[in-house]
1. Restricting to DSSP H runs of at least four residues, report the calculated mean residue ellipticity at 222 nm for the chain, -39500 (n - 2.57) per run over all residues, nearest 500 deg cm²/dmol.
2. As an exercise, identify the trypsin sites (Lys or Arg not before Pro) in the stretch 203-281 lying in DSSP coil whose Cβ has no more than 16 other Cβ atoms within 10 Å.
3. Can you pull the Kirkwood radius for the chain, inverse mean 1/r over Cα pairs, to one decimal in Å?
4. Of Lys84/Lys181; Lys366/Lys403; Lys84/Lys391, which ones are farther than 28 Å apart at the Cα?
5. What nm distance separates the two modelled labels at Leu42 and Gln189, each placed 7 Å from Cα along Cα→Cβ?
6. Between beta-carbons, use under 13 Å as the cut-off and find the net charge around Val390, counting Lys and Arg +1, Asp and Glu -1.
7. Using DSSP, restrict attention to beta bridges with both residues in the stretch 90-343 and report what percent are antiparallel, rounded to the nearest 5.
8. Please list, or write none, the aspartates and glutamates whose alpha carbon is within less than 18 Å of the alpha carbon of Lys389, excluding same-chain residues fewer than 8 places away.
Amino acid sequence: MYENYGTRTIFELDKQGCSAVSWPAVDVPEQRLEELLPEEYLRGDVPPLPELAEPDLVRHYSILASRNMCVDSHFYPLGSCTMKYNPKRHERWAALPGFSDLHPYQPADSLQGLLALLYELQQMLAALAGLDAVSLHPAAGAQGELTALLIATAYFRSRGEKRRFVLVPDVAHGTNPASAKMAGLEVVQVRSSPEGIADPEIVAQHLSPETAVFMITNPNTLGLFERHIRRLCEMVHAVGALVYLDGANMNAICGIAQPGKFGVDMMHFNTHKTFSTPHGGGGPGAGPVAVTARLAPFLPVPVVVYENGRYRLDDNRPQSIGRVRSFFGNVGVLIRTYCYLRTLGAEGLRRVAQHAVLNANYLMYKVSQVLPIPYNRRCMHEFVASAAKVKAERNISAMDIAKRLLDYGFHAPTVYFPLVVREALMIEPTETESRETLDAFAAALEAIISEDPELLHQAPHRMPISRPDEVRAARQPQLTWGEGSS
């Protein structure tokens, strides 16, 4: 029976004896692994890796790649994730031999070009944050959050203060509570106001001498600017606590507002969001942390410093929290970040933020003709629509809409978050999308909610996989490794 070549797994394509490479003859004396490694470190069986000829291998992965939805091939309005187009010249620059041929164990004297780039990047990020010092180490935004909280706990420990509470608004970024818990702190969720922003009077009820950090995302996950931010920072500082800004949504204000000027003590950048480095598929990312001068001694080591006309790595920081990442961080991503910032400059970054806000407000208006916008006023980089009304009237959920959008050639927005909106669809168009794309997306939404609900319940229909049981997949993951194993 005929079977579509493109539907077979790489294990089903396995043909023992085939190979994608021809190894040269060994020109040194052969030595068995048993002679080199202790027996307890050797596996008993050869791993069941598939064997394929090169054309079969290339075709297999080319077919898989053609099924992917990615920023290069589809509009990707994944709210709070800032999935925007990545300039390809940054990829070429990051792959230059002067970068790609370096090894992190080389002496600093042979890494002067790279260290100069990283030092300049530290300075640029500090300027954008309006803060004093930066660590480039964290490998992603969530690790940046954790790093900042570890810095805060080290700071309070150095002062002999026992503070254990972290206040997190319910419209802050979703990873904040998890990061606080991992740092050994207790999370207090703070209810937002009816406006969808942090309310100083509500925050005041939770502040105490045991408050360590107030974590706030600004703009928040509703796409709204926290207009009380300066007052909130003053209140937090009045009890001796620190203010942390989650920089996940900096795409709306980068080059326009400096968080340090609000009163923020520490923050992280998501370079894979704001500065357009590759994003998705689990990485790689980078989450540099910026802090005030009083927190600088606690930054991870090493820090790139410039002294006597040379760059070096400074490990001699007795109050440092230590390493949070191997070597200097995800250097390839940081090089792309540097290229992005040098290409655009201060005025270019301002235009990026302005266009991101313009696109979001334009699309919000278009979508508001189709779905209710619970917080329907000028937004920043993103907005949240609700499918609660259409679910009550036509039994069409946010998940139904999201899955059906795949059939229309659009990646789905974030759904069911933030929790303050029922049947939420969080939509972020970014600055890199055209008006035509935004119009087409709004038209697709309008078409979808007028379709037969039963059709939507089974969507998507044009994808290789329809609708998996996502809850079961998350709770009971199964990995297949060759025939008969899981």
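1. Helix contribution divided over all residues of the chain: -10500 deg cm²/dmol.
2. Hits after loop and neighbour filter: Arg227.
3. 25.1 Å
4. Among Lys84/Lys181; Lys366/Lys403; Lys84/Lys391, the Cα-Cα distance tops 28 Å for Lys84/Lys181; Lys84/Lys391.
5. For the pair Leu42/Gln189, the computed spacing is 5.5 nm.
6. 0
7. Antiparallel bridges make up about 40 percent of those DSSP assigns within the stretch 90-343.
8. Lys389 reaches Asp400, Glu423, Glu446, Glu451, Asp452, Glu454.
The values are calculated or read from the model by the stated rules, or taken from the named source; none is laboratory data. Since this is a predicted model, take the numbers as computed values, not measurements. Heads up, the Cβs are rebuilt from the backbone with ideal geometry, glycines too, and the neighbour counts pull from every protein chain shown. Accessible surface areas use protein heavy atoms only, side chains included; no ligands, DNA or RNA. Shrake-Rupley method; radii C 1.70, N 1.55, O 1.52, S 1.80 Å.
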